[in-house]
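A short worksheet on the structure shown next.
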Amino acid sequence: MARLITALLLWLLAWPAAADVVVTFYGKDGNLSLTRFVSPHAYVVLEGRLDSGEPVLRMVSFGAADGGGIEQLMRAGPGVLTDYAGSEPPVGKAYLSIRISDATFYDLTKRMDWWATPAGNSYNVHNRNCVGFVADVAQRLGLRTPSDDTWSPNGFLEQMVAMNPPGSVPGLLPGPVPFQGFATDPVAPAVSSTAPTM
């Protein structure tokens, strides 16, 4: 009987891992000096594997198309959706992670990519900025969010964590998942936001 149980356990351990795509929300501080303004920032990282085994690695943010600077405080203008995947690891603090299905991944990336379209890429530091982008992503995943009318990405994300205790939303993990992308799959391409055709 012990051999049968051991064989069964070994067989289960050898079973391929299930698909696993995780969305993690990040925030980083900004700073202001006499010569330069670096705005605080919020963004999302999607990483893991789809059911097909295809790797996912996207690090996506929304900001001013002109790169920002102190002048962005005075006016609205075009925004830009940036995907940094493959260029550098995340900078800042990971606040919250949620595991998603393949269907949610495709729906979510379609929505994120909308922020790059003419209908979605309007930027305003006061009410349509990186925090608004992150709030939109979070709400699409069923997370509760505080007001996105803030200039403090970290403050927004801290409040969002408090509003979503572990277990309150399906797939919500007990803590943020550390970035794995480059260590486990350094050449993982970003996955298209369009679902495969059948």
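List of remarks:
- Qualifying residue in the stretch 117-125 (condition: in contact with an Asp or Glu (Cβ under 7 Å, 6 or more places away or on another chain) and buried (at least 21 other Cβ atoms within 10 Å of the Cβ)): no
- Within the stretch 164-198, considering residues that are loosely packed, with under 13 Cβ neighbours inside 10 Å and hydrophobic (A, V, I, L, M, F, W, C), the one modelled with the lowest pLDDT: M198
- Residue in the stretch 86-100 that is at pLDDT below 90 and either farther than 26 Å from R128 by Cα or open to solvent by less than 30 Å² (accessible area, probe 1.4 Å) (or both) present: yes
- Positions within the stretch 126-145 being surrounded by fewer than 17 Cβ atoms within 10 Å (Cβ to Cβ) and modelled with pLDDT of 95 or more, in sequence order: Q139, R140, G142, R144
- Selected residue (criterion: modelled with the highest pLDDT) from residues of the stretch 30-59 that are farther than 26 Å from G155 by Cβ and open to solvent by less than 20 Å² (accessible area, probe 1.4 Å): L50
- Verdict on F62 being over 27 Å from G167 (Cα atoms), at pLDDT 90 or above and in a strand (DSSP E or B): yes
- Consider the stretch 136-164 and keep the residues that are in a loop (DSSP other than H, G, I, E, B) and under 13 Å from S97 (Cβ atoms). The one that is farthest from the chain's Cα centre (by Cα) is N164.
The values are calculated or read from the model by the stated rules, or taken from the named source; none is laboratory data. Please read all numbers here as calculations on a predicted model, not as lab measurements. As a convention, Cβ positions derive from the backbone with ideal geometry for all residues, glycine included, and neighbour counts pool all protein chains shown. Calculation scope for accessible area: heavy atoms of the full protein, side chains included, ligands and nucleic acids excluded. Shrake-Rupley method; radii C 1.70, N 1.55, O 1.52, S 1.80 Å.
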